[in-house]
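The values are calculated or read from the model by the stated rules, or taken from the named source; none is laboratory data. These figures come from a predicted structure and were not determined experimentally. Quick reminder, even Gly has a Cβ in these numbers, built from the backbone with ideal geometry, and neighbours come from all protein chains shown. Surface accessibility is based on the protein's heavy atoms, side chains included, excluding ligands, DNA and RNA. Shrake-Rupley method; radii C 1.70, N 1.55, O 1.52, S 1.80 Å.
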Amino acid sequence: MSADFLYGIEVVINGLMAGVLYALVALGFVLIFKASGIFNYAQGVMALFAALTLVGIMEGQVPFSHLINAIFGTSIHHFGWEVPALFAIFLTVLVMIVFAWAVQQFVFRHLVGQEPIILFMATIGLAYFLEGVGDLMWGSDIKTLALGLPQGGSIWVEEATAGLGGDDFYGFFIDKLDMVATVVAIILVISLIAFAQYTKQGRAMRAVADDHQAALSVGISLNFIWVLVWSLAGIVAMVAGIMWGAKSGVQFSLSLIALKALPVLMLGGFTSIPGAIVGGLIIGVGEKLFEYTIGAPYLGGATENWFAYMLALIFLVFRPQGLFGEKIIERV
């Protein structure tokens, strides 16, 4: 095999792993939109808030320490202990569940029956509120998420594949963190699908997604299901925040990962979990291959910043419901 062909395979593999992470972010949108019809603009900020909370708990940081010090003239920042990573993740999950309950109890419970644009504007307000609370609670400095996840290229993969294309090929460069993130994302996706298919709560969630009134008629609590859905979206956001935060540091630009999920949703459809997965893989592989074959040689590079949105625009023109989305037909 030629070295160019093998480098192309390497690009596809890295694209697939990036696509899994894109799909993971998009899943949070799909879960909420499918169950409640709300497009959650705050999904990216939820990932940021979860990552900030995890780092704060692990480091034993005092929440709102800057505010407390400003009001009382103290100088406290840490409790003096550190929390093990697994226990900190468990506590962060509890925080995201409490957040889901608070969102339903104090925001969306009062907006039942409102127009979709009002619900969307509520999520915009929620995003900025949560970002401000995260800043006030944990500080705005860039934080390192030290979970012991492997970093850098896999020497084993590189050595095992070196020489496949002769002296011009030095082996596949596969980032170990991307490999771990891919495995975690796959496990999470399979768990979500199994939960939706084989548990009583999952079937109730699917019933609410199909028909709210029919679900109410058989005794399913919409409030419980919406808290459940927001909790699951919060857990998905936490996993996405961990993976992206471990790669680039926990900083406020982390909330922008939600923007990368929008083309994924446009390709896969806003109501389809398989669509989010397939859309993420298409975007991940497509942008890497386009950069490798056209962007870098002919366009000066940096095409990964806009390729996904151009592809999404094409889908909006020719298939606005996406590959797996439900086609909306209005009869007049």
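Is it fair to say Val133 is β-branched (Val, Ile, Thr), open to solvent by 30 Å² or more (accessible area, probe 1.4 Å) and within 20 Å of Gln251 (Cβ to Cβ)? Criteria met by Val133. For Phe270, the conditions (1) of a type in the set (A, V, I, L, M, F, W, C); (2) within 18 Å of Ala185 (Cβ to Cβ); (3) not in a helix (DSSP H, G or I) are fulfilled apart from (2). Name the one entry in Ala50, Ala26 that is at pLDDT 90 or above and touching a helix residue (DSSP H, G or I) at 6+ places or on another chain (Cβ under 7 Å). Just a single option satisfies the conditions, and that option is Ala50. In the set (1) part of a loop (DSSP other than H, G, I, E, B); (2) open to solvent by 40 Å² or more (accessible area, probe 1.4 Å), the condition left unmet by Phe315 is number (1).
Each row is one residue, and each column tells you yes or no for (1) open to solvent by less than 40 Å² (accessible area, probe 1.4 Å); (2) within 24 Å of Leu31 (Cβ to Cβ); (3) at pLDDT 85 or above.
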| site | (1), (2), (3) |
| --- | --- |
| Met266 | no, yes, yes |
| Gly269 | yes, yes, no |
| Ala276 | yes, yes, yes |
| Gly280 | yes, yes, yes |
| Lys288 | no, no, yes |
| Glu291 | yes, no, yes |
| Gly295 | yes, no, yes |
| Thr303 | yes, no, yes |
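Screening Leu177 with (1) open to solvent by 30 Å² or more (accessible area, probe 1.4 Å); (2) within 20 Å of Val55 (Cα to Cα) gives one miss only, at (1).
Please state which one of Ala185, Ala162 is at pLDDT 80 or above and open to solvent by less than 60 Å² (accessible area, probe 1.4 Å).
Only one candidate qualifies: Ala185.
Here Ile193 clears all of (1) over 19 Å from the mean Cα position of the chain (by Cα); (2) surrounded by fewer than 17 Cβ atoms within 10 Å (Cβ to Cβ); (3) assigned to a helix (DSSP H, G or I) except the condition numbered (1). With respect to (1) modelled with pLDDT of 90 or more; (2) within 22 Å of Thr182 (Cα to Cα); (3) touching a helix residue (DSSP H, G or I) at 6+ places or on another chain (Cβ under 8 Å), the lone exception for Leu86 is condition (3). Looking only at the range 1-24, residues that are in a helix (DSSP H, G or I) and open to solvent by 10 Å² or more (accessible area, probe 1.4 Å) come to 16 in all. Of the residues making up the range 65-83, those that are of a type outside the set (S, T, N, Q) and open to solvent by less than 90 Å² (accessible area, probe 1.4 Å) number 8. Scanning the range 249-261 for residues that are surrounded by 20 or more Cβ atoms within 10 Å (Cβ to Cβ) and either part of a helix (DSSP H, G or I) or over 18 Å from the mean Cα position of the chain (by Cα) (or both) yields Leu254, Ser255, Ile257, Ala258, Lys260, Ala261.
Here is a list: Val62, Val103, Val107. Which entry is open to solvent by less than 40 Å² (accessible area, probe 1.4 Å) and closer than 22 Å to Ala35 by Cα?
On the way: Val62 fails: closer than 22 Å to Ala35 by Cα; Val107 fails: open to solvent by less than 40 Å² (accessible area, probe 1.4 Å).
Checking each option against the conditions leaves just Val103.
Beta carbons closer than 7 Å, at least 6 apart along the sequence or on distinct chains, pair a first residue in the range 165-190 that is of a type in the set (Lys, Arg) with a second that is modelled with pLDDT under 85 and open to solvent by 80 Å² or more (accessible area, probe 1.4 Å) for Lys176/Gln151.
Restricting the first member to the range 112-139 and to residues that are outside any helix (DSSP H, G or I), and the second to residues that are open to solvent by 60 Å² or more (accessible area, probe 1.4 Å), the beta-carbon pairs closer than 7 Å and six or more apart or on different chains are Gly139/His66. Trp156 fails exactly one of the following numbered conditions: (1) without any contact (Cβ under 8 Å) to a residue 12 or more places away in the chain; (2) over 27 Å from Asp4 (Cβ atoms). What is the number of that condition? With respect to (1) without any contact (Cβ under 8 Å) to a residue 12 or more places away in the chain; (2) over 27 Å from Asp4 (Cβ atoms), Trp156 is out only on (2). Inside the range 110-130, residues that are among the hydrophobic types (A, V, I, L, M, F, W, C), more than 14 Å from Asn223 (Cα to Cα) and either surrounded by 13 or more Cβ atoms within 10 Å (Cβ to Cβ) or under 19 Å from the mean Cα position of the chain (by Cα) (or both) make up a count of 9.
Taken together, the residues in the range 85-97 that are free of Cβ contacts under 8 Å to residues at least 24 places away in the same chain and either of a type in the set (Gly, Ala, Ser) or open to solvent by 90 Å² or more (accessible area, probe 1.4 Å) (or both) amount to 3. Residues of the range 33-52 that are surrounded by fewer than 24 Cβ atoms within 10 Å (Cβ to Cβ) and either in contact with a Ser or Thr (Cβ under 8 Å, 6 or more places away or on another chain) or under 24 Å from Gly132 (Cα atoms) (or both): Phe33, Lys34, Ile38, Phe39, Tyr41.
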